[in-house]
1. Which residue, of Phe315, Phe321, is touching a residue at least 40 places away in the same chain (Cβ under 8 Å), part of a loop (DSSP other than H, G, I, E, B) and buried (at least 22 other Cβ atoms within 10 Å of the Cβ)?
2. For the structure I just gave you, tell me whether Gly188 is in contact with a Pro (Cβ under 8 Å, 6 or more places away or on another chain) and among the small types (Gly, Ala, Ser).
3. Take Gln22 and tell me if it is among the polar types (S, T, N, Q), over 28 Å from Leu286 (Cβ atoms) and open to solvent by 20 Å² or more (accessible area, probe 1.4 Å).
4. With the checklist (1) open to solvent by 30 Å² or more (accessible area, probe 1.4 Å); (2) closer than 18 Å to Val344 by Cα; (3) in a strand (DSSP E or B) in hand, flag the one item Leu92 doesn't pass.
5. State yes or no: is Ser15 within 19 Å of Phe315 (Cβ to Cβ) and free of Cβ contacts under 8 Å to residues at least 24 places away in the same chain?
6. Being assigned to a loop (DSSP other than H, G, I, E, B) and either touching a Gly at 6+ places or on another chain (Cβ under 6 Å) or small (Gly, Ala, Ser) (or both) is the filter here; which residues of segment 106-132 pass it?
7. Suppose we keep only residues that are touching a residue at least 24 places away in the same chain (Cβ under 8 Å) and in a helix (DSSP H, G or I) within segment 145-179. Which one would you say is nearest to Leu296 (Cα to Cα)?
8. Considering only residues that are open to solvent by 10 Å² or more (accessible area, probe 1.4 Å), touching a Pro at 6+ places or on another chain (Cβ under 8 Å) and part of a helix (DSSP H, G or I), which ones fall in segment 196-228?
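The values are calculated or read from the model by the stated rules, or taken from the named source; none is laboratory data. Because the structure is a prediction, the values reported are computed rather than measured. Cβ sites come from the backbone with ideal geometry, for glycine too, and all protein chains shown count toward neighbours. SASA here: full protein model, heavy atoms, side chains in, ligands and nucleic acids out. Shrake-Rupley method; radii C 1.70, N 1.55, O 1.52, S 1.80 Å.
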Amino acid sequence: MDKKRVLIVFGGCSSEHEVSLQSAHAVLSHLDTEHFEVVPVGITAEGKWFYFAHGWQGLLNGGWETCCVPCTLSLDRSRRGLLLLDGSGQCLPLDAVFPILHGRNGEDGTIQGACELAGLPVIGCGTLSSALCMDKERAHRLVEAAGIRVPKSKVFASNAPRAEMEAAAKSIGFPLFAKPLRAGSSFGVSRVECIQQLSGALDNASAFDNEMILEEAIPGFEVGCAVIGCGELTVGAIDEVELETGFFDYEEKYTLKSAKIHCPARISSHQAAQIQQAAKTVYRALNCRVMARVDLFLTPEGEIVFNEVNTIPGFTAHSRFPTMMCAGGLTFSELITRLIELGVQA
């Protein structure tokens, strides 16, 4: 059987650029090269595209930015390939694109739309679901309509009168979270315990987006569920985030300085089944395909509350998505193969 040529895209114009490099390195390290031929492409923080023609071992040290060929995705559907901008006019044929781009300009439907224009299958969610899941307010409304409880919230433009934001915060109640409307890895997120902390939290959120959301803090703890599939869905084991203090911010997510991830979660089998079912409901409500990590809260009363969906979850050595799928019976390499197969077939 001919190998499928898969474009692996990493980096990107995002605050999560460095995380993307780590995820891409892990995927490239575990990809089955007997069945897939890799075409690695890095996007710099400034938005330049480079074909990493000399392998991927220098991905983590920045070497890929100095010894690469400029390139771009050809939007000509008859070519279905990567156009090299070195003067050769060469177009490398592709069978699919696997974006490993976290956050803005990658996980939000932008590159997915380009791939759909180019006629190339995407390993992951499509344009609509990617954009919806990145937008916290619109994701909440659709999930709520599907019957899953969501936190109380209010959205504001970053230049809205602070008096209106203060009134909304008092209506929601403290503690609450101030977040950019469209961002990932908890960038710009602050837990606000009282009205005096609100102004600084709003300034922090506005640095990452021109809209922000004030959101009710849900008691209990966060649980996650990895979901893969396009019709019939497969779920991984439920995991649980245990925090000593604060919330699951960027530092805790990528260093686990004081937080602990328990997989499987320390909950009953009945609760795990309920969470898995809720995750499937969310996945379908937001039109997800191929893969997503659905994050929820489990309250002390046992109620399930929606948090968010990551359409391109982390693939680092300690990332939750592959860990949950591994606990469900898929090794990292098997998971990558399955995701590519799903994306190509969909």
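1. Phe315
2. Yes: the conditions hold for Gly188.
3. No, not satisfied.
4. (1)
5. Values: within 19 Å of Phe315 (Cβ to Cβ): yes; free of Cβ contacts under 8 Å to residues at least 24 places away in the same chain: no.
The answer is no for Ser15.
6. At the first step, the residues of segment 106-132 found to be assigned to a loop (DSSP other than H, G, I, E, B) are 106-109, 119-121, 123-126.
The answer is Gly106, Gly109, Gly119, Pro121, Ile123, Gly124, Gly126.
7. Ala145
8. Ser206
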